[in-house]
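A short write-up of the structure that comes next.
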Amino acid sequence: MTSTSAAAQHLRDLALLRRVRDRIDRDYAQPLDVEALARGAHMSAGHLSREFRLAFGESPYSYLMTRRIERAMALLRRGDLSVTDVCFAVGCSSLGTFSTRFTELVGMPPSTYRRDASRATAGMPSCVAKQVTRPIRNREAPVSRLHLA
């Protein structure tokens, strides 16, 4: 494979990965798993996971859970839903897994966040509150790791 065709293939792969990421962003509340995402991109699950991590700095599953937790944070800030209702509204099927992942990403359990966040973001426009309270873990891979010939 020439360097030109390798670069072209890499760009096609990146376009597929962006579509996978867009699908996660759009359908985060639906039952999604790596195998289904890989089928949609015409890749094996292992290949998708490796390439997604290389391109975006985290696995597809971690990215999905980050999106779900971000949405859960917004719903909890509203204060009108219980933690259980929020868990199921964002697509999680296990309250335990949701609470564990929420605590890992946010630094406090969802019930504590629900109680404290509405006071901390009172008076802030929702777009600002979303940016200020976004989980830190969502970082893209450094540009130096992308190899374009």
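Sort out which residues of the stretch 79-111 are on the phi < 0 side of the Ramachandran plot and touching a residue at least 40 places away in the same chain (Cβ under 8 Å), and write them in order of number.
Those that are on the phi < 0 side of the Ramachandran plot and touching a residue at least 40 places away in the same chain (Cβ under 8 Å): Ala89, Val90, Ser93, Leu105.
Residues that are at pLDDT 90 or above, surrounded by fewer than 19 Cβ atoms within 10 Å (Cβ to Cβ) and touching an Asp or Glu at 6+ places or on another chain (Cβ under 7 Å): which helices (runs of 4 or more DSSP H) entirely in the stretch 40-149 hold 1 or more of them?
45-56
Of everything in the stretch 36-51, what is within 17 Å of Arg26 (Cα to Cα) and among the hydrophobic types (A, V, I, L, M, F, W, C)? Give them in sequence order.
Residues satisfying the conditions are Ala36, Leu37, Ala38, Ala41.
Restricting to the stretch 26-39, count the residues that are assigned to a helix (DSSP H, G or I) and farther than 14 Å from Ser62 by Cβ.
Going through the stretch 26-39 one residue at a time, the tally reaches 6.
The values are calculated or read from the model by the stated rules, or taken from the named source; none is laboratory data. Bear in mind that the values here come from a model prediction, so they are computed numbers and not experimental data. All Cβ positions, glycine included, derive from the backbone under ideal geometry; neighbour counts span all protein chains shown.
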